[in-house]
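Below: one structure, written as structure tokens.
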Amino acid sequence: MASTIIDLRSDTVTQPTAAMRAAMLSAPLGDDVFGDDPTVNALQSRIAAMLGKEDALFLPTGTQSNLTALMSHCQRGDEFIVGQGAHTYRYEGGGGAVLGSIQPQPITNQSDGTLALADIEGAIKPDDAHFARTRLLCLENTFGGQVLSMDYLREATALARRHGLATHLDGARLFNAAVAMAADGGDAKGHARDTSGPRAVAREMADLFDTVSVCFSKGLGAPVGSALVGSRELIGRAHRIRKMLGGGMRQAGVLAAAALHALEHHIDRLADDHRLAAQLSEGLQGLPGVVQAPAHTNMIFVDLAPGRAERAGTVQRLRERGLLCTGLVKLRLVTHLDVNEQDIHRAIGILRETL
Ligand SMILES: *Cc1c(COP(=O)(O)O)cnc(C)c1O
């Protein structure tokens, strides 16, 4: 009786909504390599303004956006400090090293996703010919669905600046972080709610970093695309690097239109994804042999006690019952635009049966 499949592998699996498709169809287009695409230009101005930066660049993927950022900040033989579990280090094919000749200096992420300030400071090399030149600190928010607090981001970026490092935020899910922080009462300065809504929080976060990369293709629900924001000078360099990396696109406005639509209509609704993840987590409480981290934003991670069936087998059995998830490290379940409360109830049923 399995009806439609519930796909909780990632928030990247969403289909563009009818309204998003309509926006894509009607977007004015031009050749963006000539700088002529009005929709790409509108998106770049929009996201730069939203995040309080001088300029922005539209890129096909978050991976290319992060790599472009690394190569815009660092020269050959420079080094960036990054979490062991960070996407930029672990999940991007080693692009910084391979294509940028930039050495990663990975640091163990704490259980809350942060890098300990003492570890960052300890990894910064003195100016000495033995060492690669430490140039950049890369953080990620959300990290594995967890929100790094504004206080932490403030301290870490201040530390980086004291040591003359540039700062980059992999904000693939920046707006998930911002929505969660805003729901939590805004930033640590205790602003009134109207000045600490998700957009204000996102901007405040971006203020702390030289560059920020944001994905439109995750929770925001666009089919393709990321943006890198920063100073006019840095984005000018990034533009050349994007070209070099093969990311110059032509009538890309058809994609930028989806991203613009997402910025307009899909930020506040991320709170629904967070609510559904919390419901999913709650529905799995108390299962023997099942270890669950608390739900954060739109993700939950489930682990099986040692001795239980191994993960790959579990992922397969869930799939046979109509629930898709990933099992790379733990079982990961991600809520998004294309699942509703009914799907989550069914998912809980399938998980309880299977686990
Ligand atoms: C998804 C993701 C990216 C970029 O992924 P692409 O698939 O290349 O768009 C970068 N960082 C984080 C944290 C991500 O989750």
Counting only DSSP beta bridges with both residues in the chain, what percent are antiparallel, rounded to the nearest 5? 50
Classified through the alpha carbon gyration tensor (a ≥ b ≥ c as square roots of its eigenvalues; rounded if a/c is under 1.5, else prolate when a/b is larger than b/c, else oblate), the chain comes out oblate
For the chain, set up a Gaussian network in which alpha carbons nearer than 10 Å are linked by springs, and say which option among Ala118, Ala86, Ala259 fluctuates the most. Ala118
Accessible surface, per residue, of the stretch 245-289 when the full set of protein chains is kept, probe 1.4 Å, Å²: 39
Average accessible surface area per residue within the stretch 52-178, 1.4 Å rolling probe, Å²: 39
Applying the gyration tensor rule to the Cα atoms of the stretch 1-146 (axes a ≥ b ≥ c; rounded if a/c under 1.5, else prolate if a/b exceeds b/c, else oblate), the class is oblate
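Where the accessible area of the stretch 1-86 is counted over protein heavy atoms with a 1.4 Å probe, how much of it, in %, is carbon and sulfur?
Exposed carbon and sulfur together represent 57 percent of the surface.
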Restricting to Cα pairs below 8 Å that are 6+ residues apart, what does the relative contact order work out to for the stretch 31-265? Please round to a whole percent. 30
Using just the helices of the chain, give the 222 nm mean residue ellipticity in deg cm²/dmol: DSSP H runs with n ≥ 4 each add -39,500 (n - 2.57), and the total is spread over all residues, rounded to 500. -12500 deg cm²/dmol
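Using heavy-atom solvent-accessible surface (probe 1.4 Å) with all chains present, what is the largest-first order of Arg135, Arg162? Don't skip to the end; give the middle numbers.
Values: Arg135 65, Arg162 170 Å².
Ranked from most to least accessible, the order is Arg162, Arg135.
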Only Cα pairs within less than 10 Å get springs; with that Gaussian network setup on the chain, which residue of Asp207, Asp343, Asp128 has the largest fluctuation? Asp128
Post the alpha-carbon centroid distance, the stretch 26-54 to the stretch 309-349, in whole angstrom. 37
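For the stretch 61-179, what does the alpha-carbon gyration tensor say about shape, rounded, prolate or oblate, given a ≥ b ≥ c as the root eigenvalues, a/c under 1.5 as rounded, and a/b over b/c as prolate?
Details: a/c = 1.83, a/b = 1.23, b/c = 1.49.
Since a/c reaches 1.5 but b/c is at least a/b, the shape of the stretch 61-179 is classed as oblate.
With charges only on Cβ, +1 for K and R and -1 for D and E, what is the dipole size of the chain about its Cα centre, in debye, rounded to 20? Don't skip to the answer; put the middle values down first.
Working: 35 positive and 39 negative charges, 111 e Å.
So the dipole magnitude of the chain works out to roughly 540 debye.
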Lysine pair count for the chain [Cα-Cα under 28 Å; pairs on different chains or 8 or more apart]: 5
With springs connecting C-alpha atoms under 10 Å apart, model the chain as a Gaussian network and identify which of Gly236, Gly221, Gly96 has the largest mean-square fluctuation. Gly236
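The values are calculated or read from the model by the stated rules, or taken from the named source; none is laboratory data. Small disclaimer: the values here were computed from a predicted structure and weren't measured. Cβ atoms come from the backbone with ideal geometry, glycine included; neighbour counts cover every protein chain shown. Accessible surface areas use protein heavy atoms only, side chains included; no ligands, DNA or RNA. Shrake-Rupley method; radii C 1.70, N 1.55, O 1.52, S 1.80 Å.
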